[in-house]
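The values are calculated or read from the model by the stated rules, or taken from the named source; none is laboratory data. This structure is a prediction, so every number in the text was calculated from the model and none was measured. Quick reminder, even Gly has a Cβ in these numbers, built from the backbone with ideal geometry, and neighbours come from all protein chains shown.
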Amino acid sequence: MNLPLLIGVMVVKILVVFVVFLTIIAYTVLMERKVLGFIQFRYGPNRVGPWGLLQPLADAIKLIFKEDFTPPAASKVLFIMAPMIVGLTAFLPLAVIPFADKILPDTIQIYGQTLDLTVASLNRGVIADINIGLLYVFAVASMGVYGAVIGGWASNNKYSLLGGLRLSAQMISYELAMGLAVIGVLMLAGTLSLVQIVEAQKNMWFIVYQPLGFLLFTIAAFAECARTPFDLIECENELVAGYQTEYSSMKWGLFMMGEYGHVVIASALITTLYLGGWQGPFLPPVVWFLLKTFAFIFLFIWVRGTFPRFRFDQLMYLGWKVLLPLSLVNILLTGLFMLYF
């Protein structure tokens, strides 16, 4: 085993996945603007590059060179840390989400040396195949709320503080329902490893066995990402822009990267848990994974262009009095199903 070469392969793999993820986030923003424009009978971005395809690059340049303003009464250290936390927690779950069964052969030749890539699963379509992958995703993703709450408090703005407090209440409510909804999948797969959960769907996707769990998890994912109709944390008619009201330049850009990163991760996670991940005929595994993921990203955008937002009391009612009891019912039904069938 050549340790330096193995580390080099791992670093290259991480960088490639990271760059692809950043590109997907950038073009998810463009996709949303285009689809919303179509839904609302107007043009989306169409000036920068052919069909507006270079708009994400123009937006990035604009944000980098835009004036960065920090309110004089803000807590400066926390004000700067908040968008970093939100951006980081959007990227970390990517480490355990499998996008293909195998992307490299078991062994490769480098400078005349045979390198065994089965070590540390370097040949697999996942950065790190750990046996508690799903638990890791929930643990890391739930940390994102700290960034928003800290940003709302550190801004010394009442609208921002209310947005952060709303987000914390919303996350607590819907993370509970989301965690319980996914227990049915864990009961069927018998593992917390996302790779093994996908492999357990080789013959039948879990959406067939878990239609209620799939619906509950999807609704909770919309709330976790604070997307319409659950975007009460930044509704402009009440809170201006919520916890990010005082942010500008790349600090605001990091908040946006975090939001759209969570949308991409949520779509990939739904694909992994309920739609068989990379499983599918004829096409390469990674293509199947991307097609399913982008179908759910499109759903996020479609819902935003179609439904109005809830009132906050309706949002809390749905989380505690509808989704939570139904998720417990789903666990009971899954247990009965496994017992009798």
Query raised in the report: Tell me, which residue of the range 231-249 that is surrounded by fewer than 24 Cβ atoms within 10 Å (Cβ to Cβ) and modelled with pLDDT of 80 or more is nearest to L299 (Cα to Cα)?
Result: D231
Query - Residue, modelled with the lowest pLDDT, within the range 65-107, restricted to residues that are within 30 Å of P281 (Cβ to Cβ), surrounded by 15 or more Cβ atoms within 10 Å (Cβ to Cβ) and touching an Asp or Glu at 6+ places or on another chain (Cβ under 9 Å) - result: D101
Query raised in the report: Considering the range 18-52 alone, what residues qualify as being under 19 Å from M256 (Cβ atoms) and part of a loop (DSSP other than H, G, I, E, B)?
Result: G44, P45, V48
Report summary line: When the range 153-191 is checked residue by residue, the ones that are crowded, with 19+ Cβ neighbours inside 10 Å, under 21 Å from the mean Cα position of the chain (by Cα) and either among the hydroxyl-bearing types (S, T, Y) or not in a helix (DSSP H, G or I) (or both) are S173, Y174, V182
Query raised in the report: With respect to L36, is the statement that it is farther than 19 Å from W252 by Cα, touching a residue at least 24 places away in the same chain (Cβ under 8 Å) and touching a Gly at 6+ places or on another chain (Cβ under 7 Å) true?
Result: yes
Requested in this report: Output the number of residues of the range 125-149 satisfying the condition of being touching a Leu at 6+ places or on another chain (Cβ under 7 Å) and part of a helix (DSSP H, G or I).
Outcome: 8
Query raised in the report: Looking only at residues in the range 11-36 that are farther than 23 Å from W51 by Cα and among the β-branched types (V, I, T), which one is surrounded by the most Cβ atoms within 10 Å (Cβ to Cβ)?
Result: V17
Query raised in the report: In the range 244-320, which helices (runs of 4 or more DSSP H) lie fully inside it and hold 3 or more residues that are touching a residue at least 60 places away in the same chain (Cβ under 8 Å) and over 22 Å from M143 (Cα atoms)?
Result: 285-304
Query - Long-range neighbours under 7 Å by Cβ, at least six apart or interchain, first residue more than 28 Å from E246 (Cα to Cα) within the range 133-157, second of a type in the set (G, A, S) and assigned to a helix (DSSP H, G or I) - result: F138/G179
